Amino acid sequence: MPQTIGNHGLYCPEFDDYAAVALYMQDLGTRIDEALFAQQALLEGFLAPPAIVLTNSAAVTILTTDPADSTIFDTVVVNTSTFMTYDAALGELFIGSENGAATTVPYLRGAYTVGAGCRMSAVGAVTVGSARELSLQVVDDTQPPVFPASEFIISTPVDSVNDQNTGGDYGLVVKSNILLTRTSGVRVRHTMTSLNAASNTTIPAGSAFMYVIYNGPTDIVEVA
Amino acid sequence: MPGFTPNYGIEYPCAGEVISPAVFQTFADDVEAALASVDAVSASVLARPRAAIRDSGTSIAFGAMTALTFDSTDFDNGMTAAAAGFTIPSNGLYMIDLELGSNTIPTTVTSWAGAILLAGTVMYKRKISETSSTPPAPNNDELNLSGLVSATAGNAVTFQFGWTGTGINLVVTARASISKLCDL
């Protein structure tokens, strides 16, 4: 009767079981191979967590007549995930399946970091004190709506500044950590706003970024 | 004719082969090599490239964005930290943070800005406007910014500060940190 060793499925044969030695070594080698390969896969998964980075390959103009733009990004710089996509027409980054679609691409449950940055400059004159704002919204449409919102917003990081006509461009950055624990897809929306009434505002090509990175699974901490 | 396991090539005897001590030695050597290869990955996980550097005070005149110069290293694990910033050691996604502060009180301050540059290109910038032309003392301003960059080995990560207003130079203190999050 072989004796079990440890908790990785390894065992050793009985002392007089010489005929089984070759088969035993094959089985032992295979089990060691499998156990190590599984450990290596976990480690390599930690070294390369799913992530997606977006940018704008072309300059974007925010008009004085339409001061908020939510379709800034048009280029995926890198996407190491199998479950995050960006819909440039909608201006929405999906973690998991798209909103309203069947859940065919489940996301990894756990902690994520979302963030963005952009620079914007008035094309001409500046309305002193006019606001520049960058905001993200992480939305799970399957969560119960929170009054008065019609959808469940997990996080809304915002950076806002007033242009005092000091010259040059204004830069804004936002970052937030979120916990996703459900099944249906989550949307990450962005809005870049300029309330400069004196002239349009431009976001130069390659000066806006948005990213999502998976940090790993985590237990849900319930606060009484 | 020996056989080999699929992932690490651990050699084992097949039925009918003579099993000598050399067979056991080869088996053990192969297992050792497999362990060593996983050890190498494990070491990478335990020692992700990350570093932080500090600037105890750079005198910067109002006007253009100016490169920051760092004079000490808080820690450096697998990065190349220098006075100008960091050098990316390997392709990947990196989270970079910049903290800025100053106690200097010039005549007027109308804006503050910090920037994170990759290979000379501004990736993230944060600029704030002063609502008061004469900032209070001490610690009249702080500014933090951070961002994720997709970088390749050898890229330089540098930092800038700029302000508008009038009066004496601002002496700016800064701390920059970087952490590799993902291989590419």
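If you take the residues of region A:1-51 that are among the hydroxyl-bearing types (Ser, Thr, Tyr) and surrounded by 12 or more Cβ atoms within 10 Å (Cβ to Cβ), which of them is nearest to the other protein chains (Cβ to nearest Cβ)?
Taking region A:1-51 first, the residues among the hydroxyl-bearing types (Ser, Thr, Tyr) are A:4, A:11, A:18, A:24, A:30.
From what's left, surrounded by 12 or more Cβ atoms within 10 Å (Cβ to Cβ): A:11, A:24, A:30.
Details: A:Tyr11: 15, A:Tyr24: 9, A:Thr30: 5 Å.
Looking at the filtered set, the residue picked out is A:Thr30.
With respect to A:Asp169, determine if the residue is away from chain B (no Cβ under 11 Å), touching a residue at least 12 places away in the same chain (Cβ under 8 Å) and touching a Lys or Arg at 6+ places or on another chain (Cβ under 7 Å).
No: the conditions fail for A:Asp169.
Could you tell me whether any residue of region B:134-147 is more than 14 Å from every other protein chain (Cβ to nearest Cβ), touching an Asp or Glu at 6+ places or on another chain (Cβ under 7 Å), modelled with pLDDT of 90 or more and surrounded by fewer than 20 Cβ atoms within 10 Å (Cβ to Cβ)?
No, every residue in region B:134-147 fails to be more than 14 Å from every other protein chain (Cβ to nearest Cβ), touching an Asp or Glu at 6+ places or on another chain (Cβ under 7 Å), modelled with pLDDT of 90 or more and surrounded by fewer than 20 Cβ atoms within 10 Å (Cβ to Cβ).
Assuming B:Leu93 fulfils every condition listed in (1) in a strand (DSSP E or B); (2) within 11 Å of chain A (Cβ to nearest Cβ); (3) touching a Phe, Trp or Tyr at 6+ places or on another chain (Cβ under 7 Å) apart from one, which condition is it?
(3)
Against the conditions (1) buried (at least 18 other Cβ atoms within 10 Å of the Cβ); (2) in the same structural domain as B:Gly167 (by TED's automatic domain parsing); (3) modelled with pLDDT of 95 or more, where does B:Arg54 fall short? Just the number, please.
Only one criterion in (1) buried (at least 18 other Cβ atoms within 10 Å of the Cβ); (2) in the same structural domain as B:Gly167 (by TED's automatic domain parsing); (3) modelled with pLDDT of 95 or more is unmet by B:Arg54, namely (1).
Given the options B:Ala119, B:Ala115, name the one that is of a type in the set (Gly, Ala, Ser), surrounded by 15 or more Cβ atoms within 10 Å (Cβ to Cβ) and modelled with pLDDT of 95 or more.
B:Ala115
If we keep just the residues of region A:151-182 that are farther than 21 Å from A:Leu90 by Cβ and of a type in the set (Ser, Thr, Tyr), which is surrounded by the most Cβ atoms within 10 Å (Cβ to Cβ)?
Among them, the one singled out is A:Tyr170.
Quick one: A:Thr65 ticks every box in (1) within 14 Å of another protein chain (Cβ to nearest Cβ); (2) among the β-branched types (Val, Ile, Thr); (3) surrounded by fewer than 20 Cβ atoms within 10 Å (Cβ to Cβ); (4) closer than 27 Å to A:Thr193 by Cβ except a single one, so which number is it?
(1)
The values are calculated or read from the model by the stated rules, or taken from the named source; none is laboratory data. Note that this is a predicted model, so its numbers are computed, not measured. A quick note on method: Cβ atoms are made from the backbone with ideal geometry, for glycine too, and the neighbour counts reach across all protein chains shown.
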